[in-house]
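Some notes on the structure that comes next.
The values are calculated or read from the model by the stated rules, or taken from the named source; none is laboratory data. Computed from a predicted structure; not experimentally measured. Counting neighbours? That spans all protein chains shown, and the Cβs are built from the backbone with ideal geometry, glycine included. For accessibility, only protein heavy atoms count, side chains too; no ligands or nucleic acids. Shrake-Rupley method; radii C 1.70, N 1.55, O 1.52, S 1.80 Å.
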Amino acid sequence: MNTPYLTAEHVELRARVRAALARVVLPNAEAWEALGYIPAEGWRALGREGLLAFGHTGSAFLESAIVLEELGRTGYAGIRAAVGVHAYMALSYLEMFGTAEQKDMYLPGARRGERIAALAITEAHAGSDLRHLQTRAEPVADGYRVSGEKHYVSNGSQADLFVTVVRTGEKPAGKGLTGASLLLIDAGSPGVTRSPMGLTCYRSADVCRLTLDGVFVPANRLIGRRDKALMHLMRALDFERLCAGLLAVGGVGHCLDLLDGFVREHQVKDAPLAANQAVRHRVSELDGDFELVRNYAYHAAWLHARGELDTRTASILKLKATELAVTAAQWCLQYHGARGYLAGAAPARIHRDAMVGTIAAGASELMRDMIFETNGHQP
Ligand SMILES: Cc1cc2nc3c(=O)[nH]c(=O)nc-3n(C[C@H](O)[C@H](O)[C@H](O)COP(=O)(O)OP(=O)(O)OC[C@H]3O[C@@H](n4cnc5c(N)ncnc54)[C@H](O)[C@@H]3O)c2cc1C
């Protein structure tokens, strides 16, 4: 890829990351999909390859951007989500707002793939609108007592720590989320239970329900400032959308490779499908849109590396990358014909997973709302 944001060293890094994913992920991907999660030995292998330890900030994030895109290129959206949530989305709260003690306690093991992180924000009635959060943390001597239920927690059954949004103040009366805080909850704490939610997509993402029944959380597990979760979420969710966008870009790249190879090879009426101008032009449209979104993704990554990522850029990337993934997956499935729907066929899995990419990490409608709200406010 010819872009001013990446150097020759980045190109070499991409080759190394792709080779590592080919060793660790691809031979195991179908087994992990069937299992519904990445098992402990899989996480450790990812850690040994160094794939969980790339930086979140500064120029090191451009290396992470490559890792995230290459995770998407594996073609397994459940695996890319599991790794993305662990190494980036959940750990970003510790990286950005954690104390030195919290970082020392959790980050080294997490980077080695020995302790897995999850993010517990969503609830049954608090998805796009977090003002309806019901999980409560009551202050007690030396900490908090937390009760509530979190939904759709990726890495839920395998996680050792949950970055959890809880209500510590009164329910907000107005538009914003007030009176909420972030707590680090150890999976082994009495009162923590988790159960798979049986999602039909993103199979290896291990999406679980997390029940917290009077769980004691020590005071030193508060991340950032009490009652100020909104302030932290606004920064972390922009980062989450950036990561989700980069993962989706990789997914589109994989899907288009599959589609391009198929239409050049598959024969209909004694000629390859690509002999048909309508097919060639469809693939070219997708290819052009892919180049646009991919370049925008690296622009967004570069902005983040400079500490200048804004909500508008992150939302545009998340929206455009995940929606392009749906369109690309639809045509990939269509041109594969019936064989694309066979059990275990890649086009059907890609299509199924692409749809949910427009909901996880913030629904497309929410992205459109934010783009509208920031229209004219581009820095
Ligand atoms: C595979 C997967 C993994 C996930 N992993 C995690 C995780 O690790 N941790 C976590 O906390 N959560 C996770 N989630 C939850 C995810 O963040 C929520 O699904 C998302 O925020 C949307 O919330 P919701 O599903 O409750 O939909 P709702 O908020 O109930 O919205 C339902 C639908 O309404 C529409 N809609 C929403 N807002 C608007 C609007 N303003 N205008 C018009 N239409 C609108 C959208 O189409 C949306 O899909 C995951 C979800 C999925 C699918």
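Table for the structure above
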| item | result |
| --- | --- |
| Computed log₁₀ I(q)/I(0) - Debye formula, equal Cα scatterers, no solvent, segment 47-92, q 0.20, 0.31 Å⁻¹ | -0.60, -1.28 |
| Residues of segment 8-111: accessible area per residue with a 1.4 Å probe, Å² | 37 |
| Accessible carbon and sulfur surface of segment 117-262 relative to its total accessible area, %, 1.4 Å | 51 |
| Largest-first ordering by accessible area, 1.4 Å probe, given options D310, D129 | D129, D310 |
| Gaussian network model of the chain, Cα within-10 Å springs - most flexible of R282, R115, R194 | R282 |
| F97 - accessible surface, heavy atoms, 1.4 Å probe, Å² rounded to 10 | 30 |
| Mean separation of Cα contacts under 8 Å, 6 or more apart, over the residue count of segment 230-373: relative contact order % | 33 |
| Simple label model, 7 Å out from Cα along Cβ direction - D369 to E95, nm | 2.7 |
| Residue with peak Gaussian network fluctuation, the chain [Cα springs, cutoff 10 Å], from E149, E114, E101 | E101 |
| All lysines inside 19 Å of K150 as judged from Cα atoms, apart from same-chain residues fewer than 8 positions distant | K171 |
| Computed lengthening from A40 to A343, 0.36 nm per intervening residue step minus Cα-Cα distance | 106.4 nm |
| Helix-only mean residue ellipticity at 222 nm for the chain, each DSSP H run of n ≥ 4 adding -39500 (n - 2.57), per residue, nearest 500 | -16500 deg cm²/dmol |
| Estimated inter-spin distance, D257 and D142, nm [label 7 Å along Cα→Cβ] | 5.3 |
| Spin-label model distance (nm) - M1 vs L26, 7 Å beyond Cα toward Cβ | 1.9 |
| R0 of 51 Å, Cβ-Cβ distance T193-D270: FRET efficiency to nearest 0.05 | 0.25 |
| Rounded to the nearest 20 debye, dipole of segment 8-111 from Cβ charges on Lys, Arg, Asp, Glu | 160 |
| The chain: Cα Rg divided by the 2.2 N^0.38 Å rule of thumb | 0.99 |
| GNM top mover of A118, A29, A77 - the chain, alpha-carbon springs below 10 Å | A29 |
| Probe 1.4 Å, protein heavy atoms only - accessible area per residue of segment 117-225 in square angstrom | 41 |
